[in-house]
1. Among the listed residues S192, S201, S241, S226, identify the single one that is open to solvent by 10 Å² or more (accessible area, probe 1.4 Å) and among the hydroxyl-bearing types (S, T, Y).
2. Please name all residue pairs, on different chains or six or more residues apart, with Cβ atoms under 8 Å, provided the first residue is in the stretch 39-54 and is at positive phi and the second residue is open to solvent by less than 70 Å² (accessible area, probe 1.4 Å) and of a type in the set (S, T, Y).
3. From the list S223, S246, pick out the single residue that is among the hydroxyl-bearing types (S, T, Y), assigned to a loop (DSSP other than H, G, I, E, B) and out of contact with any helix residue (DSSP H, G or I) (no Cβ under 8 Å at 6 or more places or on another chain).
4. Just name the residue that is nearest to T41 (Cα to Cα) out of those in the stretch 177-189 that are open to solvent by 10 Å² or more (accessible area, probe 1.4 Å) and out of contact with any Pro (no Cβ under 8 Å at 6 or more places or on another chain).
5. The conditions are (1) under 16 Å from the mean Cα position of the chain (by Cα); (2) surrounded by fewer than 23 Cβ atoms within 10 Å (Cβ to Cβ), and D33 fails exactly one of them. Which is it?
6. Give T47, T17 a once-over and let me know the one that is in a loop (DSSP other than H, G, I, E, B), at pLDDT below 95 and surrounded by fewer than 16 Cβ atoms within 10 Å (Cβ to Cβ).
7. Could you please give the count of residues in the stretch 88-109 that are among the small types (G, A, S) and over 16 Å from E68 (Cα atoms)?
Amino acid sequence: SSGINAEWPLRPGDNETEECGLWHLGMNLNPADGHIMDYTTGWSTGTSIGSSGKALSMDFLDSQVWKEPADYVAIVRHQHGVVDAAKVFKFKHWGISLLDRFKDMNPGRMVVTSGGPIQESVAEDAANLSDDPIFSVGGDLAFNWVYGDNGHRIVMTGGFLAPLTPVRDVSEDNTHGLGNHFSCRCNVNVNSNSVWKHEISNIQDCAWPSCQNQKMQGTDHGSGSSLKSGPVYGNYAIFVSQDAGSFPGPGFELQTEIGKAC
């Protein structure tokens, strides 16, 4: 069989040598489960969130995996546990846990990969790709994108970002990604006003204060006047590995641990 797991779809160029490597689920985001995984919740504290029985259907953070050294990261959009789209990245700096990476938020704005994804797999029938915060734009992963009183835990550099240099500390409310807040002391992880928490926002050019129609995924956001509920494109799972450079493709049924030990 080919790939890390015998169930994995064959890919062009696969040979008959089975790869090894383990992926562990660190986090799952469901933007419509009634729990808001915003910028200030879980990412830089590593506190366990959710339960293992609902790890791929509700908001979830595995505190042990969050502390594991991570050399590769996969962001996986899935529909009820079945892979819809996946991007795999190799971190620029190896051996650092997600917990330590997300603690590094003062001043933040860390571009943590280079050269873009090493794998991108999208189902032929995948929907909602025009403004997906991960899969509609290119570039690298950036963590802790902080500016003004805005903070975003995971963004793509190909999206619309407040510029890295010079740092523009203006609260434009116009960067979008996973784990967001439009009113926090984000470089010290302190919530200032809960109405501006939001879990997942889509790529859009909709700056404050002129735009009052900021498109969120689902209903997991505060009551801020410009935050508008929208369709759920899927759950977003974050897997990490020290030794697996590829991830199962569309149609694969996820588990909290994938692959085999080397």
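1. None of the others qualify; the one that does is S192.
2. G46/S63
3. Going through S223, S246 in turn, just one is among the hydroxyl-bearing types (S, T, Y), assigned to a loop (DSSP other than H, G, I, E, B) and out of contact with any helix residue (DSSP H, G or I) (no Cβ under 8 Å at 6 or more places or on another chain): S246.
4. Looking at residues that are open to solvent by 10 Å² or more (accessible area, probe 1.4 Å) and out of contact with any Pro (no Cβ under 8 Å at 6 or more places or on another chain), I get N189.
5. (1)
6. T17
7. Total satisfying the criteria: 1.
Okay, residues lined up against (1) surrounded by fewer than 16 Cβ atoms within 10 Å (Cβ to Cβ); (2) modelled with pLDDT under 95:
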residue: D62; (1), (2): no, no
residue: W66; (1), (2): no, no
residue: P69; (1), (2): yes, no
residue: V73; (1), (2): no, no
residue: V76; (1), (2): no, no
residue: H80; (1), (2): yes, no
residue: K87; (1), (2): no, no
residue: F102; (1), (2): no, no
residue: G108; (1), (2): no, yes
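The values are calculated or read from the model by the stated rules, or taken from the named source; none is laboratory data. Model, not experiment: these values are computed from the prediction. Here the Cβ is made from the backbone with ideal geometry for all residues, glycine too, and neighbour counts use every protein chain on show. Ligands, DNA and RNA are excluded from the accessible area calculation, which covers all protein heavy atoms including side chains. Shrake-Rupley method; radii C 1.70, N 1.55, O 1.52, S 1.80 Å.
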